[in-house]
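> Below is a structure I'd like to ask you about.
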Amino acid sequence: MTDLLDVLEARSGIVCAIGAGGKKTALYAIARHHPGRVAITATVFTPFFPEDLEAAEVIAENSDIVNRLEALRDATRVAYACPGGKAGRHGGVNADLVRRIHEEMQFDLTLVKADGARMRWIKAPQPGEPVLPPDADTVLVMVSARALGEPLGERIAHRPEKVSAITGAPLGEPFAPEHMAQLLTHPEGLLAGTGRTAVIPVINMVDDEDRRRLASRAAEMALEQSSRFERVVLAQMRDRFAPIVAILDR
């Protein structure tokens, strides 16, 4: 089996997931595969952590998180966040604090949900997104293959009008591989706000041959259009035994 941790450069450091189409699923998959001491958190609103993640939890205000985490120095897997004030959701942790916690608590790996997409398959960022911790090591830039061939609109996209402006995809018309490639490579698309951090595009939900064909085409075009990344990963992150479908290298 292709090693998920090596493909996504997620053996150590701070790894963030942005975009849409399976950020949490990807981060939880990494956490379950990792043999070391792992923290899972978010800098934006996030649903409650699932029980099957089997993580010790700390939900506290930013000012109290470090003190609360001290008691969990022996825990292998730790999930932490702030109170959310909304049903079913935790609040995001201050991004600067994530770096401090990673270093002081000596985690091998910290996984960060650093973006929101309202459960859509693709999105366009607004100013201030994503919310990355300082000096993040890797950013997983995520989209869903399920958006390919579907009419561009609110059902599949968060901010569809902006997705249209960035990619050239007409509203109401099928979202094609060339549009997904533009979303992954345009400076105002999903690369916005990533600076010089290493990025790995992940096209998730590649769960049949048609989606694999379309996603492969999008990946090939993205690699042709940008030098910001060396590979695009096709995945089905809900498959716990074989989450990596294909790897397209430059």
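> Of all residues being among the aliphatic types (A, V, I, L, M) and not in a strand (DSSP E or B) in segment 21-55, which is nearest to PRO201 (Cα to Cα)? Just the residue, please.
Result: ALA26.
> Taking the residues in segment 140-159 that are loosely packed, with under 15 Cβ neighbours inside 10 Å and touching a Pro at 6+ places or on another chain (Cβ under 8 Å) as candidates, determine which candidate is nearest to THR194 (Cα to Cα).
GLU154
> Could you tell me which numbered condition ILE59 fails, if it satisfies all but one of (1) of a type in the set (Val, Ile, Thr); (2) without any contact (Cβ under 8 Å) to a residue 60 or more places away in the chain; (3) within 30 Å of ARG196 (Cβ to Cβ)?
(3)
Matching residues to (1) among the polar types (S, T, N, Q); (2) buried (at least 17 other Cβ atoms within 10 Å of the Cβ); (3) closer than 22 Å to ARG238 by Cα; (4) in contact with a strand residue (DSSP E or B) (Cβ under 6 Å, 6 or more places away or on another chain):
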site	(1), (2), (3), (4)
ALA87	no, no, no, no
GLY91	no, yes, no, yes
VAL112	no, yes, yes, yes
LYS123	no, yes, yes, yes
GLU161	no, no, no, no
ALA176	no, yes, no, no
LEU191	no, yes, no, no
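> May I pose another question? Take segment 125-136 and flag every residue that is hydrophobic (A, V, I, L, M, F, W, C) and either more than 15 Å from LYS23 (Cα to Cα) or touching a Phe, Trp or Tyr at 6+ places or on another chain (Cβ under 6 Å) (or both).
Matches in segment 125-136: ALA136 only.
> Could you figure out which of (1) closer than 23 Å to ILE203 by Cβ; (2) free of Cβ contacts under 8 Å to residues at least 60 places away in the same chain; (3) of a type outside the set (Phe, Trp, Tyr) isn't true of THR76?
(1)
Each value in this text was obtained by applying a stated rule to the coordinates, not by laboratory testing. Since this is a predicted model, take the numbers as computed values, not measurements. Every residue, glycine among them, receives a Cβ derived from its backbone with ideal geometry; neighbour counts consider all protein chains shown.
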